[in-house]
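Student: Before anything else, here's the structure in question.
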Amino acid sequence: MDRLVRSFKHNIVEGRFVGVVVAIVVIVMRVLMFLNGELHQNEFFDSGYVWKFLAPFFSDRRISFAASTFSVFIIAGIISQLNHRFNIIRTHTSLPFIVPLVLFSLHPHFLQMIPDFVAVFFMLWALFPLLNSYHQSEPQLFAFQAAILIGIAGVFQIYALLLLPLWWRGEMMMRGFKFKSLLASLIGVGLVYWMVFALLVFLGRVDTFLAPFDFITRVSLVQFSEFTVSKWIFSGMIFVFLFTFIILVHRKSSHDKVLTQILFGFLNFLIICAVVLQLLYWSTTLFWFTITLTLLSFLIAYYYSLVESKWQVYSFYLIFSAFILIYGVNYFSIMPTFL
């Protein structure tokens, strides 16, 4: 094994304290960006049932920042736990915890608490029953559990409901099509929204039940004609980077155990669908962009945890240099003008 690769594995991939060091660095990055500029507080439309009641608790930007930072660590922790629980990456690595921390600390949008974070919690949680159903003779219970979690995600961010038909693809990949599983998933998500309907009836606000679903019908296609040259270049770089990783991970995982192959095949499918859905809801929501970053972080962690050549090591440092550059651009763009 090349000396550079061996050093990378020892110090970065398998480093005992690298997770703690990166966590501290990420907190410092987020605090610096928060303190050195007046961050734009996004107004979130009522795209769910719950968020309009929770939003006032995060009206103070300091509380919102603390909650968003905590949420980012929860997302990183869930991804790391998913990896350990199912032994997805068959080597000791901290990258599943590190990569999402970094990705969600590069832009000021993720310095405030958003309903997308809560929906992502439940979406990632729904991966556990999906993977547990692998080779199970009676998988409908797991389909039921996953559907309930996706349904709860939709209570916070209604667009998450569109994950349910995508999840059926994952269930088919795990064990083939089973009508009982399909029926169980419909019952699971139906149960969540029956409870929401019953609560609204009790509160005398039944007329608001269908209001969040109106957002799903508000398709707002991206207007490519309005793109500047810089936006075209930046968007093109993102798409090239994204689909390059999808191809690289597909090739690497094809030599791994079957469960890993299925999982990353499903995650690649979700990423592609999320990109398409983000284009469809371009000016309405950034939920699908948040989903894409979440899943992309797992792909990056997998690919570089199993590094085999010095060129992969060079590409890792190149990518993280680009991340630092993106952070720097966003940091100085929100600095007070007198600085």
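Student: What order, most packed first, do the peptides 269-281, 145-157 have when packing is the mean number of other Cβ atoms within 10 Å of each residue? Mind dumping the intermediate values first?
Tutor: Details: 269-281: 18.2, 145-157: 24.9.
Packing order, densest peptide first, comes out as 145-157, 269-281.
Student: Now, a different point. Accessible area per residue for the chain in Å², computed with a 1.4 Å probe and the full protein assembly in place, what is it?
Tutor: Details: 16890 Å² over 339 residues.
Counting only protein heavy atoms, the per-residue value for the chain is 50 Å².
Student: Helix-only mean residue ellipticity at 222 nm, the chain, DSSP H runs n ≥ 4 weighted -39,500 (n - 2.57), per residue, nearest 500. What is it?
Tutor: -22500 deg cm²/dmol
Student: Another question, then. For a quick check: with amide H placed at 1.01 Å from N, whose amide H comes under 5 Å from Tyr281's, ignoring anything fewer than 5 positions away on the same chain?
Tutor: Result for Tyr281 returns Ser220.
Student: Below 29 Å, Cα to Cα, which lysines can Lys178 reach? Residues fewer than 8 away in the same chain don't count.
Tutor: Lys257
Student: Check cross-link reach from Lys310 to the lysines: straight Cα distance under 17 Å, and skip same-chain residues fewer than eight apart.
Tutor: Counting by Cα, and skipping residues close in sequence, Lys310 has these lysines nearby: Lys9, Lys252.
Student: Amide H to amide H under 5 Å from Phe209: which residues, 5+ apart in sequence or cross-chain, H placed 1.01 Å off N in plane?
Tutor: Long-range HN contacts for Phe209: none found.
Student: Where the accessible area of the chain is counted over protein heavy atoms with a 1.4 Å probe, how much of it, in %, is carbon and sulfur?
Tutor: Within the chain, the accessible surface is 70 percent carbon and sulfur.
Student: Still on this structure: How much length would be gained if the chain were fully extended between Leu210 and Ser309, taking 0.36 nm per residue of separation minus their Cα-Cα distance, in nm to one decimal? Intermediate results must be reported in sequence, preceding the final value.
Tutor: Working: separation 99, 0.36 × 99 = 35.64 nm, distance 5.37 nm.
The span from Leu210 to Ser309 would gain 30.3 nm if fully extended.
Student: Please list the radius of gyration and Dmax for the chain, considering alpha-carbon atoms only, with Å as the unit.
Tutor: 20.6, 69
Student: Report, in order of residue number, the helices in the chain meeting two criteria: a C-alpha extent of 24 Å or more along the helix axis, and a mean Kyte-Doolittle hydropathy of at least 1.0; treat each whole DSSP H run as one helix.
Tutor: Taking the DSSP H segments of the chain (at least 24 Å long, mean hydropathy at least 1.0), we get 18-35, 140-156, 179-203, 229-253, 258-280, 287-305.
Student: Taking K and R as +1 and D and E as -1, what net charge do the other residues with C-beta under 12 Å from the C-beta of Ser7 add up to?
Tutor: It works out to a net charge of +2.
Student: Taking every alpha carbon pair in segment 125-191, what does the distance histogram look like in 5 angstrom bins from 0, in percent?
Tutor: Spelled out bin by bin, segment 125-191 gives 4, 20, 35, 25, 11, 4, 1 percent.
Student: Please find, in a Gaussian network model of the chain (springs between Cα atoms separated by less than 10 Å), the residue of Leu162, Leu318, Leu124 whose mean-square fluctuation is greatest.
Tutor: Leu318
Student: Given the options Phe65, Phe215, Phe320, state which has the largest fluctuation in a GNM of the chain using a 10 Å cut-off (strictly under) for Cα springs.
Tutor: Phe320
Student: Among Ile114, Ile324, Ile291, whose mean-square fluctuation peaks in a Gaussian network model of the chain (Cα, cutoff 10 Å)?
Tutor: Of Ile114, Ile324, Ile291, the most mobile in the Gaussian network model is Ile324.
Student: Follow-up question, since we're still on this one. Tell me which trypsin sites (Lys or Arg not before Pro) from segment 223-319 have a DSSP coil assignment and no more than 14 other beta carbons within 10 Å of their own.
Tutor: Those that pass, being in a loop and sparsely packed, are Lys257.
Student: Roughly how many Å is it from the Cα centre of segment 79-114 to that of segment 276-299, as a whole number?
Tutor: Computed from Cα coordinates, the inter-centre distance equals 16 Å.
The values are calculated or read from the model by the stated rules, or taken from the named source; none is laboratory data. Computed from a prediction, not measured in an experiment: that's the story for all the values here. Because the Cβ atoms are built from the backbone with ideal geometry, glycine has one as well, and the counts that use them run over all protein chains shown. What goes into the accessible areas is simple: the full protein's heavy atoms, side chains included, and nothing from ligands, DNA or RNA. Shrake-Rupley method; radii C 1.70, N 1.55, O 1.52, S 1.80 Å.
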